[in-house]
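The values are calculated or read from the model by the stated rules, or taken from the named source; none is laboratory data. In this text, all values refer to a predicted model and were calculated from it rather than measured experimentally. Methodologically, a virtual Cβ is constructed for each residue, glycine included, from the backbone with ideal geometry; neighbour enumeration extends over all protein chains shown. Keep in mind that these areas ignore ligands, DNA and RNA; they rest on the heavy atoms of the full protein, side chains included. Shrake-Rupley method; radii C 1.70, N 1.55, O 1.52, S 1.80 Å.
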Amino acid sequence: MFCENCGAKLADNSKFCQRCGAPVRQEDNVPGQGNSGSYSVPPQAPAKKKIKKWPFILAAIILIAAACIIGGILIFQNKNEKNNFAEYLASGQRYLEEMDYEKAEDAYLKAVEIDPKQAEPYLKLADIYVAQNNYEKAEEILKKGSEETDSSEITERYSLYEYTEDVLIPGEGECKEGEYICEYTDGVSIPYLENAESLEGVLTSRIRDFDGDGSEELLVLVLKNEEAGLNYIDYPDDYTCNKVYLRMYERENGEIALKDEILGIYPVLGAGDNEEAGIFLKENSGKTYICGSSHNLIVGGATPSSLMYSFVITYDGNTFTKLAGYDEPVIGTDFYGDPDAEKMADLLDSIGLEGMTSYMRDSYMMIFDFSTDEYDEMLMFVTGENDGSGDQTAYYDNLFEGNTIPELLGKVVFTLQLSWDESGDE
C-alpha cells in the first residue's frame with residue numbers, strides 16, 4: 001500500500017503516512033485488497049521541478065544589448081579617430097607651410113599613432129627632417145614607414161638610403177676610419193712617400209636636397225688608389241696616388257641612377273711628411289656648396305715645399321659645376337699674388353666662410369683652414385704627421401753628399417676620420 005500524496009510505501013493498517021503525515025484513506029471491500037480496509041497505489045516518480053526560462057532570456061537580451069553598445073562605441077571611436085587623423089594631417093600641412101617644423105612634426109607623429117598604416121605622415125615627417133638637415137631621422141622614419149605600410153613611394157624613397165650599404169659597398173669596398181702608416185722609398189732625385197694602398201672604396205655618403213628641387217639626392221665619396229697623377233720631376237713615371245671622387249645619385253623611374261662623377265681631392269693619405277685634407281658642406285642662401293682641399297708639406301728635398309689642391313663645387317640636378325679651384329695639384333714654396341687664390345677667397349667670402357677667406361688672403365695658398373669650423377658638416381678629414389722615428393740630421397748630411405737614404409726620414413702616420421661625435425668633436 002502506498003501514500004496517495006507522496007507515493008511512499010505504507011505499513012498495513014496505517015492511518016497516517018510516516019513520510020509526509022497525510023491521512024490514509026480507508027476503503028472496505030476493495031477487490032483484490034483482502035480485508036485490509038485499504039487499497040494499493042502504484043509507485044510514482046518524484047515530481048520534476050519546472051525550469052524557469054526567463055533568466056536565460058534576460059541574459060541573452062543583456063548580451064545582445066552589450067554587443068550593440070560596444071559595437072556602437074567602436075564605430076564611434078573609429079569615426080572619431082578618422083576625424084582626428086584627418087585633422088592632424090591638415091594641421092601638420094598648415095604648420096609645414098608656415099615652416100613651424102616642431103608643431104608640424106608633432107601633428108604628423110600623432111597621425112602615425114592613430115593609423116600607422118597610412119603612408120602620408122611618414123613622407124611628410126621625412127620632408128620635415130630633410131628641411132632641417134636631420135637626415136638620420138629622415139632615414140629612421142622612412143624605415144619605419146616601409147615596415148608598417150605597403151607604400152611603394154616610401155619603399156622607393158628609402159631605397160636611396162639603403163643604396164650605399166646594399167649596393168655600393170659590396171661592389172666597390174669600404175674605407176674604414178683609423179690610422180695608416182706609410183713609408184718612404186727612392187724617387188727620381190729624392191725619396192717620396194708611398195701612399196696607403198690598402199684603402200679603396202666608399203668613404204662616406206650623405207643624403208639631402210643638393211640641387212634645391214624638393215627631392216633628395218645621394219652624394220657618395222669614393223677613394224680610388226693606384227691612380228696616375230703628379231707628373232713632377234721628383235716623382236717616378238709610374239707614380240700612383242689616392243684620389244677622392246664625388247658621385248651624385250638620384251631616383252629615376254624607380255631606379256637609383258648615377259647622374260655625375262667628378263674628381264674631388266688628390267693626393268691624399270700618402271704624399272707628404274705632413275698632410276691635412278678634408279671635404280665639407282656649406283649651405284648659403286638655399287644652395288649647398290661642396291668644398292674640399294688637400295695640403296701636403298714635403299720635406300724630402302733641400303727646401304720644404306707645399307703640394308696643394310682644392311675645389312668648390314655645386315650640383316645643378318644633372319651635373320657638378322666647379323666654381324673655383326685648381327685643375328691639378330700645384331707644388332711650390334711661394335704663392336704670393338696667386339690670382340686663383342684671390343678668386344676662391346672672394347667666393348668663400350660670398351658664401352659665409354669668412355675665417356677661411358682671411359686665411360687664404362693672408363697666405364695666398366688656395367687651401368682651407370679647417371680649424372675655423374664655419375662649415376655645416378664635415379664629410380671626411382685626413383691628418384698625417386711624421387712619427388719622428390727617423391734621423392733628419394743624418395738624412396740631410398747624406399743628401400748634401402749626394403746620398404739619399406729613405407729610411408732616415410722615418411714614417412708618416414695618417415689618421416682618416418669619417419664620423420664625428422657632435423657632443424665632443426670639433
**Item:** Per-residue SASA entry for residue 88, accessible area with 1.4 Å probe, Å² rounded to 10
**Value:** 70
**Given charges at beta-carbon only (K, R positive; D, E negative), |dipole| of the stretch 343-426 in Debye** = 440
**Fill in**
Expected max-MSF residue from 58, 409, 218 in the GNM of the chain (alpha carbon, under 10 Å) is 58
**Prompt:** Heavy-atom accessible area per residue, the chain, 1.4 Å probe: how many Å²?
**Reply:** 54
**Prompt:** Nearest 10 degrees, 0 to 90: what angle lies between the long axis of helix 135-148 and the longest principal axis of the chain (Cα atoms)?
**Reply:** 30
**Furthest towards positive pole of dipole, 14, 370, 178, structure part the chain, Cβ charges** = 14
**Request:** Given the options 126, 341, 86, state which has the largest fluctuation in a GNM of the chain using a 10 Å cut-off (strictly under) for Cα springs.
**Result:** 86
**Prompt:** Which ³J(HN,Hα) values, rounded to whole Hz and listed in residue order, are derived for the stretch 169-178 from phi using the Karplus coefficients 6.51, -1.76 and 1.60 in 6.51 cos²θ - 1.76 cosθ + 1.60 with θ = phi - 60°, glycine and proline given as x?
**Reply:** 5, x, x, 10, x, 9, 8, 9, 5, x
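Local charge sum around residue 175 (other residues, Cβ-Cβ under 11 Å, Lys/Arg +1, Asp/Glu -1)? Before the final figure, lay out the partial values.
Details: positive: 176, 224; negative: 172, 174, 177, 200.
After counting each charged neighbour, the total is -2.
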**Item:** Accessible surface of the stretch 338-406 [probe 1.4 Å, protein heavy atoms]: carbon and sulfur percent
**Value:** 44
**Fill in**
Expressed in angstrom and ordered largest first, the alpha-carbon extents of the chain along the principal axes are 164, 51, 38
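As a test of reading the structure, rank 323, 418 by solvent-accessible area (1.4 Å probe, protein chains only), most first.
Descending accessible area places them as 323, 418.
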**Message:** Need one value: the accessible area of residue 165 in square angstrom, 1.4 angstrom probe, rounded to the nearest 10.
**Reply:** 120
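How large is the helix-only mean residue ellipticity at 222 nm for the chain, computed as the sum of -39500 (n - 2.57) over DSSP H runs with n ≥ 4, divided by its residue count, in deg cm²/dmol to the nearest 500?
Numbers: 9 runs with 131 residues, N = 426.
Per the formula, -10000 deg cm²/dmol.
May I ask for the Kirkwood hydrodynamic radius of the stretch 95-187, worked out over all distinct Cα pairs and given in angstroms to one decimal?
Working: mean 1/r = 0.0646 Å⁻¹.
After inverting the mean inverse Cα-Cα distance, the result is 15.5 Å.
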**Message:** I'd like the distance separating the alpha-carbon centroids of the stretch 196-275 and the stretch 319-333, in whole Å.
**Reply:** 14
**Request:** Rounded to the nearest 10 degrees, what's the angle between the helix 120-131 long axis and the longest principal axis of the chain, both from Cα atoms, 0 to 90?
**Result:** 30
**Item:** Listed residue pairs exceeding 19 Å between alpha carbons, taken from 176/243; 117/144; 243/322; 176/282; 243/343
**Value:** 176/282; 243/343
**Asked** Picking from 240, 254, 189, whose Cα lies most toward the positive end of the charge dipole for the stretch 188-264 (charges on Cβ: Lys, Arg +1; Asp, Glu -1)?
**Response** 254
**Residue-by-residue Karplus 3J(HN,Hα) for the stretch 240-246, coefficients 6.51, -1.76, 1.60, Hz, glycine and proline x** = 10, 9, 8, 10, 9, 10, 9
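What does the charge count around residue 342 come to, taking other residues whose C-beta lies under 11 Å from its C-beta (Lys +1, Arg +1, Asp -1, Glu -1)? Can you show the working numbers first?
On the way: positive: 343, 361; negative: 338, 340, 346, 349.
Here the count lands on -2.
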**Summed side-chain charge close to residue 287 - residues other than residue 287 whose Cβ falls under 13 Å, Lys, Arg +1, Asp, Glu -1** = -4
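Give me the dipole magnitude in Debye, nearest 20, for the stretch 108-184 about the Cα centre, with unit charges on the beta carbon: positive for Lys and Arg, negative for Asp and Glu. List each step's numbers first, then the result.
Numbers: 8 positive and 20 negative charges, 88 e Å.
Computed charge dipole of the stretch 108-184: roughly 420 debye.
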**Item:** Heavy atoms of residue 139 accessible to a 1.4 Å probe, total area in Å² rounded to 10
**Value:** 70
**Request:** Give the angle, between 0 and 90 degrees and rounded to the nearest 10, that separates the Cα long axis of helix 339-350 from the longest principal axis of the Cα atoms of the chain.
**Result:** 30
**Complete:** Going residue by residue through the stretch 404-414, the Karplus relation 6.51 cos²θ - 1.76 cosθ + 1.60 with θ = phi - 60° gives ³J(HN,Hα) values, rounded to whole Hz and with x marking Gly or Pro, of 10, 10, x, 4, 6, 7, x, 9, 10, 9, 9
